[in-house]
Amino acid sequence: MLPHIPHLSEAHRRLLPVLATLLLYLGYLPFSGYQHLYHDALLYWYIAVEFLEPGHRFSFLAFDNSLRGYLWPLLLLPARVTAFFSGISPLVFTRLMGGLVAAGLFGWAVPAVWAKCRPDHPASVKAKLLFVALGFVFWRDYFNFPLTDFPALLALLAALWLLLQPAPRGWQMLLAGALTGVCLNLRGVYVTALPVVLVLAMWGQGVGLGRRAVRAGSLVLGLCVVLGPQLLLNVRHFGAYTPLVLTMYSPRDEHNALVDKLGWSLAVQKYETNIGPQHHAAQVLYFDPAGQALLRHLGQTEFTTIGSYLQAVGYQPATVAGIYARHLVSGFDVKYPTPYLQELQPMRWGYRSINFVLLALGLAALTICGLQKRPTKQQTLVLAAVSLPCLATIPTAMECRYLMPLHLLLLGAVCFEGHQLLSWVRSSNKRWLLLAVCVLMLVGFAFAFVRQLESNLARPGQQITG
């Protein structure tokens, strides 16, 4: 097929990566080895029925879950009801949804936003298919499960694509606002990207103040359409006057899940979830010795308020900075292409080597592009919108999915900007040497980190400060 790609029409060139991704995932996921939903994925599946009152009567206001937004369970509800009455496995429905999300994200959204940011360097179909393949290599099994990370990123990228149109119309701004609201309701941490989205909505050369206000108003109206129902639920059930999911906000009680997670995460360098018999618990914890020592010194393992947490952080800022740096590296250490580990494997040197080499090359490609041509303000805003939610997760116990948007950014740089990097190194043998040395240094540092990480895997019965 690949030799004939140059002869495809433009519409077919755009559609081919989407269809290829959909077929790839729908063909693979039924044979990926999973038989059930687990943990958070199972929780999303079950809380969908909170919309149903006795007698199976639908009532939107019946949904009273404070830690999850209404939208994803509502979207799962038809599949949940169909599975219940038909006896069909939930995985049939979640895999279909996962395939559609993967097709939208890998096949369309990432390449489309990249093309808007780099209109002078259009990506070939082969580059897009390479990106699809790399996304499959590192993230494929996530799409078995109804988790919100990938749909939230898809919604954000779709909103950014609309905002990057040369002269977005009113309905496009309204839809961009609604998609941003979808993103916020699925993953509350994306609230950090909201100011950037608002700035991008008002951005435009030669656009007057009145036009900027209309754009911002349309975007906010779209936000209200999606987040208004969440506000209604929060007020009705929890007396909380916020349109955001209460995972990150608790106006009635400062001691909330976010504070608990921040304190606990000082001692936990990385977190994974086990479903197999090999490990002693569902939680696969990699402890941070420096964080454990800090908590022992403070004489506490949890905090009651944000203020008490910040006070502890300020007590030894250098130690905490090191903890956060190790969290960041942990997030890029994609050891498994799944959120639920059926078997813990010692090192996986080859898989991790490929990952770190590609990330190093992606970073090199972005650096060369930035040096050759200064990034535009729009490019900077898009980068900020994607990066800020990832950076906001660094203080938490790191899971690789938290940094997935940045991971895809670096993979995208390899696929869509690799020719720029190749042209740069071809002009001089010294540049080949410089690139090789830099990549080897980064990969060597990564593996030194990996060895340290694996040595801190929690033993049976080991406590946070043990």
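The values are calculated or read from the model by the stated rules, or taken from the named source; none is laboratory data. Quick caveat, the model's predicted, so the values are computed rather than measured. Heads up, the Cβs are rebuilt from the backbone with ideal geometry, glycines too, and the neighbour counts pull from every protein chain shown. SASA here: full protein model, heavy atoms, side chains in, ligands and nucleic acids out. Shrake-Rupley method; radii C 1.70, N 1.55, O 1.52, S 1.80 Å.
Data for the structure
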read-out	value
1.4 Å probe accessible area per residue over the chain, in Å²	46
Lysine pairs with alpha-carbon atoms under 27 Å apart, the chain, spacing 8 or more or separate chains	13
Mean Cβ count within 10 Å, highest first, over the residues of peptides 397-407, 351-361	397-407, 351-361
Listed residue (Leu244, Ala364, Met398) projecting farthest to the positive dipole end of the chain, Cβ model	Ala364
Separation in nanometres of the label points that stand 7 Å from Cα toward Cβ, at Leu434 and Leu422	2.0
Efficiency of FRET between Phe85 and Glu10 - r from beta-carbon atoms, R0 30 angstrom, step 0.05	0.10
Quotient of C-alpha Rg and 2.2 N^0.38 Å, computed over region 114-194	1.25
Label corresponding to Cα Rg over 2.2 N^0.38 Å when calculated from the structure given, among [x] 1.11; [y] 1.41; [z] 1.01	[z]
Largest-first principal axis extents of the Cα set of region 291-412 (Å)	50, 42, 22
Rough spin-label spacing in nm, given labels placed 7 Å along Cα→Cβ, for Leu221 and Ala325	5.0
Span-rule helices in the chain, defined as complete DSSP H runs reaching 20 Å or more along the axis (Cα) with Kyte mean at least 0.0	10-28, 71-86, 125-139, 149-163, 170-186, 209-238, 317-332, 349-372, 377-392, 404-426, 429-455
Accessible area of the chain belonging to carbon and sulfur atoms, whole % at 1.4 Å probe	66
Segment Val284-Ile354, extension gain: residue separation times 0.36 nm, minus the distance between their alpha carbons	22.9 nm
Gyration tensor over alpha-carbon atoms, region 11-62, equivalent ellipsoid semi-axes in Å	34, 19, 8
Set of region 310-336 residues, backbone N closer than 13 Å to the point 7 Å along the Cα-Cβ line of His297	312-323
R0 of 30 Å, Cβ-Cβ distance Tyr315-Gln463: FRET efficiency to nearest 0.05	0.90
Sorted peptide list for 31-43, 263-275, 367-379, criterion being average Cβ within 10 angstrom, highest first	263-275, 31-43, 367-379
Alpha carbon centroid spacing (whole Å) that separates region 357-433 from region 269-285	31
Highest average packing first - 191-201, 128-138, 48-58, Cβ atoms within 10 Å	128-138, 191-201, 48-58
Spacing of the two label points (7 Å from each Cα toward its C-beta) at Val235 and Arg212, in nm	3.2
Cα gyration tensor category, rounded, prolate or oblate, for region 29-179 with a/c compared to 1.5	oblate
